[in-house]
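A.B. asks: Submitted below is the structure of interest, expressed as structure tokens.
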Amino acid sequence: MLKAERINLRRRWPALAAVAVVLLLAAFLLLWQTVGVARDRVWDHIQTSGQWLVGMDPSFPPFQDLDEAGQPVGFDVDLTRAIAAHWGVEAQIEGLGFDGLVDAVQAGRLDSAISALPYQPERTEDVAFSDAYFEAGLVLVTPTGSIGVASVDDLAGRRLAVEWGSEGDVQARLLRRRFPDVVLLPSDTPQAALLAVAEGQADAALVDHISALQFTASDARLAISPQVVVSDPYVIVLPRKAPVLQQQVGEALQALQADGTLDALTTRWFGTTSPMRVGSP
Amino acid sequence: MPGLHVRGHVGRILPALRRRRRAVLLALLTLLAVVIILSLQSRPSVTVGPQQTVVTANPKMGVHTRLTDEVEEWKIKRTLEMVREMGAPWIVEYFPWAYVEPDRPGQGEWEHSDMVIRHASAQGLEVIARLGYVPPWARPKDTSPLYLDEDYYAAFGDYVYEFVRRYRDEVNHIIIWNEPNLSLEWGYRPVDPASYAEMLRVAYTRAKEANPGVLVLGGALAPTLAPPGSEWGMDDLIYLQAMYDAGAAPYFDVLAAHAYGGKFPPDEPAAADAINFARTELLREIMVQNGDGDKPIMITEGGWNDHPRWTRAVRPGQRIDYTLRAYDKALADWPWLEAVALWAFRYPAPARTYQDYFTFVTPDFQPKAIYLEAQRYAQGRED
């Protein structure tokens with residue numbers, strides 16, 4: 001090396017050292033972040049303890065209720081246990097008011113919440129949500145074998161039964177802007193709206209999926225249209241910084257969907273199957 | 001010659017510098033114009049619009065709005081337009097002291113309040129202003145904004161004075177505090193009717209100094225069956241009597257009442273051990289017993305909820321039926337009642353709790369069925 005080059009390098013040494021430090025720091029941060037993302041203390045704890053702590057409000061049958069012995073029963077209870085069994089752990093269910101469940105997951109008091117909870121887009125900075133495991137939104141119910149009304153687009157000139165004041169009522173009023181000749185038949189309850197269709201007083205009913213399933217389970221005169229009119233998916237609430245748990249819940253739901261467990265739960269708790277498919281909210 | 005050389009050099013450089021300066025100036029001006037245009041585009045101006053009046057078959061209809069945390073002016077305007085279009089002439093709205101004087105007494109950050117009052121007035125609505133919410137400087141550290149020591153009643157009185165004076169042409173009714181019979185609303189302290197009576201005295205005196213014509217509403221008690229000695233609160237009927245015992249009568253012109261129906265219809269008879277809409281009649285009886293029968297009552301919160309899971313909720317159709325019957329009852333059966341402002345017209349964002357099912361309109365301004373039915377009722381339509 002020439003003397004002049006050595007002098008030049010000596011002059012540049014502080015700048016080169018600074019660049020090296022910055023590069024090292026960046027590499028360290030990248031590594032730390034990658035390792036940090038992959039770590040999931042909630043999932044680790046579930047694995048080491050063999051327990052998955054799930055909160056639910058047992059006051060909403062058939063999703064959650066208490067049996068005569070005071071034990072939680074229902075669709076969500078069975079779903080929780082099925083997911084836990086899929087992982088080889090035990091589900092530990094803790095009762096909590098539905099209004100506090102999301103906050104309890106956010107605060108780290110629960111590993112998850114499964115309680116017929118809807119997807120809440122404005123809470124995605126606080127918690128994570130799974131794919132939907134049940135669709136509770138508005139559906140169209142028509143007489144079995146009816147070919148005239150397959151969707152809301154076919155309602156022009158039809159008689160539509162709704163529960164007065166419900167979301168179905170609101171949507172039906174909006175629909176009348178498109179089809180002014182839709183005849184609205186308000187009833188006191190969703191069951192009364194469905195009965196009106198079964199007895200031929202209405203051509204279709206616009207009601208929530210839960211009411212529709214419960215009614216059609218015992219009355220073969222009606223069928224649920226497979227296309228949801230307004231979606232209201234039920235999802236599992238998960239901690240935001242639990243990427244492995246989120247992934248595991250997603251995979252478990254897919255597996256339970258694929259092997260027919262979700263359909264079996266619907267049959268068990270509603271007495272019938274649903275034509276509705278669920279997935280990402 | 002060196003001098004000539006310099007002059008020649010400068011002679012070449014100066015025009016270039018001037019050209020560059022002009023170019024920079026032009027660029028800056030262009031940038032400024034772009035910024036101004038963009039800022040004008042991103043902030044659409046909201047006009048107040050022409051003076052409106054509320055057309056209604058029931059002049060006692062009202063709602064409690066929730067504009068305190070509504071930032072965008074067009075949303076404030078749209079909310080109040082929809083109240084007017086529903087046919088409700090009365091609104092109750094909260095004007096927190098801590099928002100106007102967040103850091104020091106007399107700070108006077110009135111922009112948001114001005115906006116709400118301006119639009120409410122333009123829509124022809126009668127505002128019942130609820131005053132409270134203590135700024136940090138007027139309470140000990142780590143206390144709730146609902147905590148106010150008697151040492152600071154005078155400071156609160158100053159806020160009441162400034163509020164009433166500022167809006168003397170627009171606001172004729174103010175409510176002093178909210179639900180002081182609940183520990184939560186009394187800064188998590190044991191409730192104290194005598195201290196609330198003193199707060200009323202201070203606030204009433206200052207309000208009348210600012211505008212002798214303003215009507216001061218006291219009470220706004222939470223309907224509760226809290227047993228004696230409860231740490232959570234005091235039975236509203238007992239609290240009201242205690243207010244009278246503490247000498248509160250001269251310091252309120254109107255009693256504010258909260259009338260929630262729970263699962264009961266509005267015609268369910270009143271009973272001391274039941275919380276229902278008609279409990280308002282029991283408050284009225286206490287007023288009469290204390291020689292205050294000439295004073296009116298205004299319901300400043302109340303109504304029914306139609307959440308599918310909440311244990312105190314009713315079906316959506318029942319909620320509509322009960323609400324319209326409640327408005328009707330106020331008009332037909334309760335001559336001593338001047339307004340029924342039900343909770344709550346609209347929230348700025350979904351609460352995602354049972355609270356969402358008290359509202360008439362969704363956060364994105366979709367009218368619920370109850371809104372449409374109340375509108376039809378106010379229009380006197382039977383169809």
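A.B. asks: If you keep only loop residues by DSSP, which GluC sites (Glu not before Pro) in the stretch A:62-99 have at most 16 other Cβ atoms within 10 Å of their Cβ?
C.D. replies: Answer by residue number: A:Glu68.
A.B. asks: What length, rounded to one decimal in nm, is gained on full extension from B:Thr47 through to B:Leu225, with 0.36 nm per residue of separation minus their alpha-carbon distance? Each step should come with its number before you reach the end.
C.D. replies: Values: separation 178, 0.36 × 178 = 64.08 nm, distance 4.69 nm.
The span from B:Thr47 to B:Leu225 would gain 59.4 nm if fully extended.
A.B. asks: With +1 on the Cβ of every Lys and Arg and -1 on the Cβ of every Asp and Glu, and nothing else charged, how large is the dipole of the stretch A:206-281 about its Cα centre, in debye rounded to the nearest 20?
C.D. replies: Details: 5 positive and 6 negative charges, 34 e Å.
About 160 debye.
A.B. asks: For the stretch A:89-180, count all C-alpha to C-alpha pairs, find those more than 17 Å apart, and express that count as a whole percent of the total.
C.D. replies: Working: 2722 of 4186 pairs.
Considering the stretch A:89-180, 65 percent of its Cα-Cα pairs are separated by more than 17 Å.
A.B. asks: Next question, about the same structure. Provide the FRET efficiency to the nearest 0.05 for the B:Leu31-A:Glu68 pair, computing r from the beta carbons and using R0 = 60 Å. Don't skip to the end; give the middle numbers.
C.D. replies: On the way: r = 75 Å, r/R0 = 1.25.
That pair, B:Leu31 with A:Glu68, gives E of 0.20.
A.B. asks: Which values of log₁₀ I(q)/I(0), to two decimal places, follow from the Debye formula for the protein assembly as shown at q = 0.05, 0.08 Å⁻¹ with a uniform point scatterer at every Cα?
C.D. replies: Debye output, listed in q order: -0.35, -0.78.
A.B. asks: Ok, one more. List the residues of the stretch A:225-262 whose backbone N lies under 15 Å from a point placed 7 Å from the Cα of A:Ser151 along the Cα-to-Cβ direction.
C.D. replies: Residues passing the 15 Å test: A:225-231.
A.B. asks: Relative contact order for chain A: what is it in percent, counting Cα pairs under 8 Å that are at least 6 residues apart? Intermediate results must be reported in sequence, preceding the final value.
C.D. replies: Working: 474 pairs, mean separation 66.8, N = 281.
Reported relative contact order: 24 percent.
A.B. asks: Leaving out ligands, DNA and RNA, and with a 1.4 Å probe, what % of the accessible surface on the stretch B:166-255 is carbon or sulfur? Before the final figure, lay out the partial values.
C.D. replies: Values: 1880 of 3440 Å².
Taking all protein chains in place, the stretch B:166-255 shows 55 percent carbon and sulfur surface.
A.B. asks: Still on this structure: Could you state, as a whole-number percent, how many of the C-alpha pairs of the stretch B:238-383 are farther apart than 25 Å?
C.D. replies: Numbers: 3490 of 10585 pairs.
Percentage above 25 Å: 33.
A.B. asks: For B:Gln366 and A:Lys241, what does the FRET efficiency come to when R0 = 25 Å and r is the distance between their Cβ atoms, rounded to the nearest 0.05?
C.D. replies: With R0 = 25 Å, the Cβ-Cβ based efficiency is 0.15.
A.B. asks: On to the next question. In nm, to one decimal, how far is the B:Arg352 label point from the B:Lys263 one, both placed 7 Å along Cα→Cβ?
C.D. replies: Result: 2.8 nm between the two label points.
A.B. asks: Okay, next question. For the stretch B:193-223, which trypsin sites (Lys or Arg not before Pro) pass both filters: DSSP loop (anything but H, G, I, E, B) and at most 10 other C-beta atoms within 10 Å? Could the numbers behind the result be given before it?
C.D. replies: Details: sites: B:Arg201, B:Arg206, B:Lys208; in loops: none.
Here no loop site has a sparse enough neighbourhood.
A.B. asks: Please give the net charge around A:Tyr234, taking every other residue with its beta carbon less than 9 angstrom from that of A:Tyr234, where Lys and Arg add +1 and Asp and Glu add -1.
C.D. replies: Numbers: positive: none; negative: A:Asp76, A:Glu135, A:Asp232.
Summing Lys and Arg as +1 and Asp and Glu as -1 gives -3.
A.B. asks: At R0 = 30 Å, how high is the FRET efficiency between A:His45 and A:Ala258 if r is their beta carbon distance? Nearest 0.05 is fine.
C.D. replies: Numbers: r = 28 Å, r/R0 = 0.92.
E between A:His45 and A:Ala258, to the nearest 0.05, is 0.60.
A.B. asks: When each pair of different Cα atoms in the stretch B:52-162 is counted once in the 1/r mean, what is the Kirkwood radius in angstroms, to one decimal?
C.D. replies: Details: mean 1/r = 0.0664 Å⁻¹.
Evaluated over the stretch B:52-162, this radius sits at 15.1 Å.
A.B. asks: Okay, next question. Over all Cα pairs of chain A, how is the pair count split among 5 Å bins, expressed in % and running from 0 up to the last occupied bin?
C.D. replies: 1, 5, 10, 13, 13, 11, 10, 8, 6, 5, 3, 3, 2, 2, 2, 2, 1, 1, 1, 0, 0
A.B. asks: Now, a different point. Note down the nm distance, to one decimal, between modelled labels 7 Å out along Cα→Cβ at A:Glu94 and at A:Leu184.
C.D. replies: Modelled inter-label distance: 4.4 nm.
A.B. asks: To one decimal place, what orientation-averaged projected area in nm² is obtained for the convex hull of the Cα set of chain B? Numbers along the way, then the final one.
C.D. replies: Values: hull surface 109.9 nm².
With the hull built on Cα positions only, its mean projection is 27.5 nm².
A.B. asks: Something else now. In a shell of Cβ-Cβ distance under 13 Å around A:Val183, excluding A:Val183 itself, what net charge do Lys and Arg (+1) and Asp and Glu (-1) give? All intermediate terms of the calculation are to be shown ahead of the outcome.
C.D. replies: Values: positive: A:Arg158, A:Arg159, A:Arg173, A:Arg176; negative: A:Asp181, A:Asp203.
Every neighbour counted, the sum reads +2.
A.B. asks: Would you mind working out the magnitude of the charge dipole of the protein assembly as shown relative to its Cα centre, with +1 at each Lys and Arg C-beta and -1 at each Asp and Glu C-beta, to the nearest 20 Debye? Could you put the intermediate results ahead of the total?
C.D. replies: On the way: 62 positive and 83 negative charges, 1014 e Å.
Taking the Cα centre of the protein assembly as shown as origin, the dipole is about 4880 debye.
A.B. asks: Let me ask something else about it. Suppose each label sits 7 Å from its Cα in the direction of the beta carbon; what would the B:Val288-B:Asp114 distance come out to in nanometres?
C.D. replies: 4.7 nm
A.B. asks: Still on this model: Contact order normalised by length for the stretch B:169-284, with contacts defined as Cα pairs under 8 Å and 6 or more residues apart; what percent is it?
C.D. replies: Details: 203 pairs, mean separation 30.5, N = 116.
Relative CO of the stretch B:169-284 lands at 26 percent.
A.B. asks: What residues does the stretch A:137-182 have that are buried by at least 40 Å² of accessible area in the full protein assembly compared to the chain on its own, 1.4 angstrom probe?
C.D. replies: The answer is A:Glu163, A:Trp164, A:Gly165, A:Val170, A:Arg173.
The values are calculated or read from the model by the stated rules, or taken from the named source; none is laboratory data. All values reported here derive from a predicted model rather than from experimental measurement. Cβ sites come from the backbone with ideal geometry, for glycine too, and all protein chains shown count toward neighbours. In case anyone asks, the SASA skips ligands and DNA or RNA and just uses the protein heavy atoms, side chains included. Shrake-Rupley method; radii C 1.70, N 1.55, O 1.52, S 1.80 Å.
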